[in-house]
Amino acid sequence: AAKSLGRSSHQVFSPELRDSNRNRLELVERLRGVAMAEHELEMLYQPIVELSTRIVVGAEALIRWNHPELGLLMPDSFIGLAEDADLIIPLSNWILTQVGRTLAAWQYKDFNVQVGVNVSPLHFAAGTLATDVNSIVDSLGIEPGRLVLELAESKSLHDVDAVYYQLMDVRRHGSLVAIDDFGSGFSSLERLATLPVDILKIDKSLTQHLDSKDLQRRRAMTALCKAVVEVTHDLGKDTVAEGIETIDQLESCVDMGVTFGQGHLLGLPMTATQFETILLQNGAHSASA
Ligand code: C2E
Ligand code: MG
Ligand code: MG
Ligand code: MG
């Protein structure tokens with residue numbers, strides 16, 4: 001149970017440990033060595049809900065590392081290490097394969113769901129992202145439209161042309177692309193309009209101000225989100241609000257016409273098996289839909 005809950009439920013890797021070089025090295029070595037092979041890494045699935053119907057239409061795959069000594073490690077404490085140590089491509093392909101296998105199993109069971117997977121900007125930079133994704137989709141027999149790549153715009157686009165062509169390639173093959181964390185840090189409306197993407201994910205830092213006690217901030221954030229949602233829908237793309245934690249935030253998202261929602265109020269990250277139980281209850285199973 002602990003591993004399904006995340007941050008608060010288990011020993012968490014402390015910032016002091018993270019900053020120590022010795023520990024960084026040990027983590028990198030373990031990641032390079034046994035972590036993938038020994039099943040210490042695990043993908044959890046957080047429900048994504050259609051706000052108008054409350055039906056679970058998909059999930060975001062989120063990685064966890066159940067370290068034998070350090071306990072549960074969150075992605076922010078090791079993805080960066082993997083990127084720095086040239087391990088991100090093998091890790092990224094491991095993630096895509098795991099998620100792909102789960103997706104194939106759900107497809108076989110007639111669960112009508114899409115799954116989002118976060119991709120590292122370095123995988124784009126390596127130039128192999130699109131071919132890796134498309135070949136995993138083909139070799140596992142996944143309907144490509146069930147896979148959504150999540151690309152965090154703010155940190156990703158060193159070589160915009162390379163990203164652009166790989167996104168086009170993935171979409172031509174039938175998979176979808178989402179801009180992740182829109183509104184956190186630097187986000188560009190110009191890129192929103194020109195990048196070949198299907199979905200915009202509104203960052204939790206925006207969502208969480210929608211019911212701020214600071215009325216001025218609340219009004220400002222609501223106005224901003226409303227504008228972003230309208231532009232996004234005018235561009236023919238869908239919207240997902242991330243980090244929905246309260247009923248007020250949820251209602252605010254519904255009011256402004258956000259298509260989908262994700263957040264602790266709607267569902268925590270959980271194991272694939274737990275997610276299947278949710279699907280059986282909620283009408284996303286096509287046999288009962
Ligand atoms: P993200 O892609 O924006 O993922 C959403 C994050 O928000 C997740 O954190 C999720 O657990 C958290 N979250 C969901 N609902 C709520 C909520 O209501 N309130 C709050 N406060 N947080 C919520 P997590 O799992 O720690 O992941 C953090 C980031 O690490 C992700 O942000 C993503 O950028 C990266 N990441 C996670 N899994 C992977 C992966 O498999 N590959 C890569 N390359 N990056 C990953
Ligand atoms: Mg994401
Ligand atoms: Mg996000
Ligand atoms: Mg994030």
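The values are calculated or read from the model by the stated rules, or taken from the named source; none is laboratory data. Just so we're clear, the structure is a prediction, and the values are computed from it rather than from any experiment. Backbone-built Cβ (ideal geometry, glycine too); neighbour counts: all protein chains shown. The protein model used for the area step is the full one, side chains on, heavy atoms only, and it has no ligands, DNA or RNA in it. Shrake-Rupley method; radii C 1.70, N 1.55, O 1.52, S 1.80 Å.
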With respect to L73, is the statement that it is modelled with pLDDT under 90 and either surrounded by 14 or more Cβ atoms within 10 Å (Cβ to Cβ) or touching a helix residue (DSSP H, G or I) at 6+ places or on another chain (Cβ under 6 Å) (or both) true? no
Filter pass, A82 being at negative phi, in contact (Cβ under 8 Å) with a residue 24 or more places away in the chain and surrounded by 22 or more Cβ atoms within 10 Å (Cβ to Cβ): yes
The lone exception for T232 - which of (1) in a helix (DSSP H, G or I); (2) more than 27 Å from P121 (Cβ to Cβ) it fails: (2)
If you check G185, G243, which single one turns out to be open to solvent by 60 Å² or more (accessible area, probe 1.4 Å), within 16 Å of ligand 2 (Cβ to nearest atom) and on the phi > 0 side of the Ramachandran plot? G185
Do we find a residue being modelled with pLDDT under 95 and surrounded by fewer than 15 Cβ atoms within 10 Å (Cβ to Cβ) anywhere in segment 272-281? yes
Among the listed residues K109, K213, K204, identify the single one that is of a type in the set (K, R), within 16 Å of ligand 3 (Cβ to nearest atom) and either open to solvent by 10 Å² or more (accessible area, probe 1.4 Å) or within 18 Å of K237 (Cβ to Cβ) (or both). K204
Suppose the filter is surrounded by 17 or more Cβ atoms within 10 Å (Cβ to Cβ), closer than 22 Å to H39 by Cβ, within 18 Å of the chain's Cα centre (by Cα) and more than 16 Å from ligand 4 (Cβ to nearest atom); does G100 pass it? yes
Lone unmet requirement of (1) open to solvent by 30 Å² or more (accessible area, probe 1.4 Å); (2) within 16 Å of ligand 2 (Cβ to nearest atom); (3) under 17 Å from L192 (Cα atoms); (4) not acidic (D, E) for A162: (2)
Among V148, V115, V119, which is the only one that is within 17 Å of M168 (Cα to Cα), in contact (Cβ under 8 Å) with a residue 60 or more places away in the chain, of a type outside the set (F, W, Y) and in contact with a Leu (Cβ under 6 Å, 6 or more places away or on another chain)? V148
